[in-house]
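What follows is calculated from the coordinates using simple rules that are stated; it is not laboratory data. Treat the numbers as computed from the prediction; the structure is a model and nothing was measured. Backbone-built Cβ (ideal geometry, glycine too); neighbour counts: all protein chains shown.
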Amino acid sequence: MRVVIVEDQLLLREGLIRLFADAGHETVASAERAEGIEAVVAGHRPDLVVVDVRLPPSYTDEGALAAKRLKESNPGVGVLILSQHVETSHIGDLVGLGGFGYLLKDRVLDVGEFLAAAQRVAAGGSALDREIVSRLVSSARRDDPLAELTERERDVLALMAEGLTNAAIAKRLFLSDRTVETHVRHVLGKLDLPEGEDGHRRVLAVLAHLNATRDQR
């Protein structure tokens, strides 16, 4: 996997480079600012771009906006946003483009899960941090379908948002595969999504709660 890293903190940037190298991946370019990232991507043709949500000069949403531009101009490139805190701005538009992930920085400490998430995103899948999903789901309006989800169904939805399969969700929650299948069916039913087993329905489920939350702003 060929990776571009955009992170202003030197220690974290170097740590990510080493982490990917140890796993057999190549960091083809790194930078501390978002300016010119489109040219970098065009020149190096990476599979994945890892970008901090807050970058110089204003440290607000430069990274998020750069990620959006990259997905619009290079839809085949996976983009993984890292953030120090839970921030939901711009997420809804990005999730809809596919090949997108949004994780809190402390997830990097769990190297195995972080690398698995990065590879899912590079392959066109999704990986949304469970803390971000929990924040979005908990803020659902009373008249929103998300408000009808049970606590366990919200747990399952959060892991669906991370891009996990039913088997992986079962392992994470210490449930049987059949129990997870039932929860997934209930979640999709309450969100009024059609029956089927393709992964795109999971993305639709994520979009449903992201859009519901965004509509409140």
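Below are the figures for this structure:
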{"item": "Protection proxy ranking of 1-14, 33-46 - average other beta-carbon atoms within 10 Å, highest first", "result": "1-14, 33-46"}
{"item": "Point-charge dipole on Cβ atoms (K/R +1, D/E -1) for the stretch 2-128, about Cα centre, debye to 20", "result": "240"}
{"item": "Relative compactness, the stretch 1-58, computed as alpha-carbon Rg over 2.2 N^0.38 Å", "result": "1.06"}
{"item": "For the stretch 2-128, radius of gyration divided by Kirkwood radius, i.e. Rg to Rh on alpha-carbons", "result": "0.91"}
